[in-house]
Each structure stands twice: as C-alpha cells, then as structure tokens.
Amino acid sequence: MTKAKNGKKRDKNPVKQKTTPLRDLLRIPGGEPVDLTSHKTDATPGGPKDKAAGVLATARMGERLADLQERLYAASTAGDRRRVLLVLQGMDTSGKGGTVKHVIGQFNPSGCRIKAFKAPTPEELSHPFLWRITQALPVPGEIGIFDRSQYEDVLIARVRELVPPSDLGRRYGRINQFEQSLADDGVTVIKCFLHISYEQQRRRLLERVDNPDKHWKFNPGDIEERALWPAYQEAYEIALERCSTEHAPWFLVPADRKWYRNWAISKLLLEHLSALDPEYPKADFDVAAAREQLMRDAP
C-alpha cells in the first residue's frame, strides 16, 4: 500500500472491476413476458460515454472482427463447420440496412452472405414458411446476415392476419426447433431486435420525404404501417418472449442512437466470435521442405 497526496492509502495493484458482457446486458430472458415500453429506445447500456467515443470504439473493433472472421473462414477449410448468423429485426427505419453498411462493412465481403427478405414470391409461398430461410443460410466459415428473417412469418403474419391463428401459434415452436437444429449444426445465432421509438421513426421518415436523394427509400405504405404500431409492438413482444432460447437468445438493441446501435452490434459480434475462438489450421505439408524448395528454385 502507498499513500496518495490526500494522505489516504492507495493499493499499488488495484483489482480491475469485471465488465459485464454486453450479451448479458441486452439479452431477453426466454419465457418471461416482454414489455417494450419498459425499455428505453435511446438508452446506451454498457456503451461508450458519447457519440464520438462510440464511433471511435466501433472503428477500433474493426481489425479484431476482421481477424476473427478470417480465422473462422480458415478453420472451415480444415473441416470446422462453425459459422455465424446475425438476424436483424425491427420496425421500418430502425437501422437494419444501416447496420449492414456500417458494421458488416468491416468484414471481408467474400466471407459474408447477406440476404434481405422481402414479401414472399409465388414460389416461396408454395413451400413451408421456413423453406426460403434455409436457402439463404451461411455455409461453414461464413458470417450470414439476415435483414428481416423467419420472424416476418409471426410478425406481419400476425398483424395482417395472413394465416389462421392455429397455424400462427405453431410457427413459434417450429422456429425454435429450426434454430435448435442450426445450433446443433454449428451455427451461432445472434438475433438483434432494433428497438426504435415511434417519434424517432417519424423523424427518420420525414428525412426521407424532405430529401429528394432519399425519396427512393420512402414508401407511402410506411405511413399506413405506422397506424399499426401498437399491433406490431405486441407481435414483437410475443416473438421475443416465445423465441428467446438458450441456443438462440434475442438481444434488445436500443436503436434511436445510430452510433450506439452500430457499436452494440459490433460488440455482440466480437463477443460471440471471441467465444468461438477459431484457429488457423495447421499445415498439412512439410513446411521446411516447401521453404527449401522455394529458396532453390530458379527461372
């Protein structure tokens, strides 16, 4: 022990306080009722102190994320079947596309598989609802990103009453079984609900209306969907409650602040990839002999 200037004793080797993993802070407990109104959309749990610090911290994670991605891909060449699936769900303007641009942009695109799910095509409607999802899954070594996902079939399907209630009820169980099968096959599923406020959505939609360069992003139908906001919030609460499981938990990401959203999802990816800790495969050839041969060769 030493004395500080104020005369108080100070420990030479202070014990560092453990930081709670972000995946523990943002995780939705499975099987418990979810009330979205109790979660602030502009909160920054576990995050940097402000926007500037958040942007810097996100950028600094880029190199580590890229390294882990390369190791994951390299490991697959030696038979490692592990891969990652990031699911992005949220109301319009919550930032699904922005996340792909700012977060996934830190990865090597050749190792990513990005799929944006729109309204089902006639062919997709002719199959069970999970069929089109299975066609877009990442292969070993890849990082897959779903902009919307299988959850559209219990969200818009519930709000718009597109299927009978009995069929809708069974879909939650089928989704859980499907995600369990993914986990059993080496897929790390990271499901992020981007939680945005009604007023923040209004501001972002107005930005699109007021800027001619963003008119292509605006759909007048978005205004009609806003009238169904309470129904969508209820549909999300049910999906989060019924489908946050041990093998595929939901993470609630406050999304009013874009910088925090980007930081949080980068951090979640970093935590999960670090836990996987993929390793470069060992050489399956005689390294010394190959080097000696290269040193001797001549044109």
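Let's see how each residue does on (1) over 22 Å from the mean Cα position of the chain (by Cα); (2) aliphatic (A, V, I, L, M); (3) more than 27 Å from residue 265 (Cβ to Cβ); (4) modelled with pLDDT under 95:
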site	(1), (2), (3), (4)
126	yes, no, yes, no
142	no, no, no, no
147	no, no, no, no
171	no, no, no, no
179	no, no, no, no
183	no, yes, no, no
(request) Provide a single number: the residues in the range 55-82 that are within 25 Å of residue 276 (Cβ to Cβ) and either in contact with a Ser or Thr (Cβ under 9 Å, 6 or more places away or on another chain) or not charged (D, E, K, R) (or both). (result) 19
(request) Provide a single number: the residues in the range 73-129 that are open to solvent by 20 Å² or more (accessible area, probe 1.4 Å), within 13 Å of residue 261 (Cβ to Cβ) and touching an Asp or Glu at 6+ places or on another chain (Cβ under 9 Å). (result) 2
(message) Show the residue pairs meeting these rules: Cβ distance below 7 Å; 6+ apart or different chains; first residue within the range 190-204 and closer than 22 Å to residue 218 by Cα; second residue among the basic types (Lys, Arg) and crowded, with 19+ Cβ neighbours inside 10 Å.
(response) 194/96; 194/261
(message) Checking the structure you have, find out if any residue of the range 146-167 is among the small types (Gly, Ala, Ser), assigned to a helix (DSSP H, G or I) and open to solvent by 10 Å² or more (accessible area, probe 1.4 Å).
(response) yes
(request) Of all residues in the range 251-291, count the ones that are surrounded by 11 or more Cβ atoms within 10 Å (Cβ to Cβ) and either without any contact (Cβ under 8 Å) to a residue 60 or more places away in the chain or not acidic (Asp, Glu) (or both). (result) 27
(request) Give the range 171-221 a look and list any residue that's part of a helix (DSSP H, G or I), basic (Lys, Arg) and within 13 Å of residue 243 (Cβ to Cβ), or say none. (result) 171, 174
(request) Check 248, 235, 231, 239 and return the single one that is among the aliphatic types (A, V, I, L, M), touching a residue at least 60 places away in the same chain (Cβ under 8 Å) and assigned to a loop (DSSP other than H, G, I, E, B). (result) 248
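The values are calculated or read from the model by the stated rules, or taken from the named source; none is laboratory data. Because the structure is a prediction, the values reported are computed rather than measured. Backbone-built Cβ (ideal geometry, glycine too); neighbour counts: all protein chains shown. Remember, those area values only see protein heavy atoms, side chains included, never the ligands or the DNA or RNA. Shrake-Rupley method; radii C 1.70, N 1.55, O 1.52, S 1.80 Å.
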